[in-house]
Amino acid sequence: GSGKTSTSIALARGGFRIMTDDASVLDLTQSRVHAWGLPRGLKVHRKTADLMSWLQPLVGADWDANGEQAVALSAIEPHIALAPPVSAVVEAVVVLGARRDGTHRLECIPKSDALLEMAADNVPWRRSGAPAHSTQTFEALAHALLHAAAFRLNAGPDLASLPHLFREA
């Protein structure tokens, strides 16, 4: 619900490539972390289709309870660039901040801030502590940030201008 798919689609429409939607695998066995995506359809939200009119012919009227529907990769591939299913070095991590009414803001942030924000969404814990798998997830996120730049994006309504902003950064 933070805009990951909308942001990714806007970037892919502007020349970047989508690796996956909501699911990736990190390879921590090398000095630089590598990631690859699991090939699956994109979960497009109704608001995303409204923001990007070119998406509307690809979606129907069959929205789920969350206002989303899956769009097959084969249907969207003629419109955006998809990354091949191979690993790629993690060069940067972008944390999505609150949406803005005006222009986008993309800023470098301390890696510790990025780690805390990513952990809040991805590392389950209990009052009694973190289960072993949660500790492993936290360590994987920290390792991914070790050699990567960290940014926070507060996106405005003009998603078509995001690719230019990212190229500058």
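The values are calculated or read from the model by the stated rules, or taken from the named source; none is laboratory data. From a predicted model like this one, the values you see are computed outputs, not experimental measurements. Note that each Cβ is placed from the backbone with ideal geometry, even for glycine, and that neighbours are counted across all protein chains shown. For accessibility, only protein heavy atoms count, side chains too; no ligands or nucleic acids. Shrake-Rupley method; radii C 1.70, N 1.55, O 1.52, S 1.80 Å.
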Notebook entry, point to check: Is there a residue in segment 54-61 that is in contact (Cβ under 8 Å) with a residue 24 or more places away in the chain, touching a strand residue (DSSP E or B) at 6+ places or on another chain (Cβ under 9 Å) and open to solvent by 70 Å² or more (accessible area, probe 1.4 Å)?
Noted result: no
Checklist line | One residue from Val94, Val86 being surrounded by 17 or more Cβ atoms within 10 Å (Cβ to Cβ) and in contact with a Phe, Trp or Tyr (Cβ under 7 Å, 6 or more places away or on another chain) | finding: Val94
Check: Here is a list of conditions, (1) assigned to a loop (DSSP other than H, G, I, E, B); (2) without any contact (Cβ under 8 Å) to a residue 24 or more places away in the chain; (3) more than 20 Å from Trp36 (Cα to Cα); (4) open to solvent by less than 70 Å² (accessible area, probe 1.4 Å), and Gly102 meets all of them except one; can you say which number that is?
Finding: (2)
Notebook entry, point to check: Within segment 105-124, can you find the residues that are open to solvent by 70 Å² or more (accessible area, probe 1.4 Å), charged (D, E, K, R) and over 15 Å from the mean Cα position of the chain (by Cα)?
Noted result: Arg105, Lys111
Margin query: Could you go through segment 24-34 and let me know if any residue there is within 16 Å of the chain's Cα centre (by Cα) and at pLDDT 90 or above.
Written below: yes
Next item on the list: Have a look at Ala144, Ala140 and point out the one that is of a type outside the set (D, E, K, R), more than 16 Å from the chain's Cα centre (by Cα) and either surrounded by fewer than 12 Cβ atoms within 10 Å (Cβ to Cβ) or part of a helix (DSSP H, G or I) (or both).
Entry: Ala140
Next item on the list: Kindly indicate which of Ser6, Ser74, Ser87 is of a type in the set (Ser, Thr, Tyr) and out of contact with any His (no Cβ under 8 Å at 6 or more places or on another chain).
Entry: Ser74
Item checked: Selection count where residues are open to solvent by less than 50 Å² (accessible area, probe 1.4 Å), part of a helix (DSSP H, G or I) and without any contact (Cβ under 8 Å) to a residue 40 or more places away in the chain, scope segment 14-49 -> 1
Notebook entry, point to check: What are the residue pairs meeting all of these: first residue in segment 62-87, first residue assigned to a loop (DSSP other than H, G, I, E, B), second residue open to solvent by 50 Å² or more (accessible area, probe 1.4 Å), Cβ atoms under 6 Å, and 6 or more apart or on different chains?
Noted result: Trp63/Arg46; Gly67/His45; Gly67/Arg46; Ile80/Arg13; Ala83/Arg17; Ala83/Met19; Pro85/Pro39; Ser87/Trp36
Margin query: Just checking, does segment 76-83 include any residue being over 23 Å from Ala160 (Cβ atoms), of a type in the set (A, V, I, L, M, F, W, C), in contact with a strand residue (DSSP E or B) (Cβ under 7 Å, 6 or more places away or on another chain) and crowded, with 16+ Cβ neighbours inside 10 Å?
Written below: no
Checklist line | Close pairs (7 angstrom Cβ cut-off, 6 or more residues apart or separate chains): touching a residue at least 60 places away in the same chain (Cβ under 8 Å) in segment 1-13, among the small types (Gly, Ala, Ser) and surrounded by fewer than 19 Cβ atoms within 10 Å (Cβ to Cβ) anywhere | finding: Ala10/Ala160; Ala12/Ala81
Next item on the list: Scan Lys4, Lys43 and give me the residue that is closer than 21 Å to Ala72 by Cβ and within 11 Å of the chain's Cα centre (by Cα).
Entry: Lys4
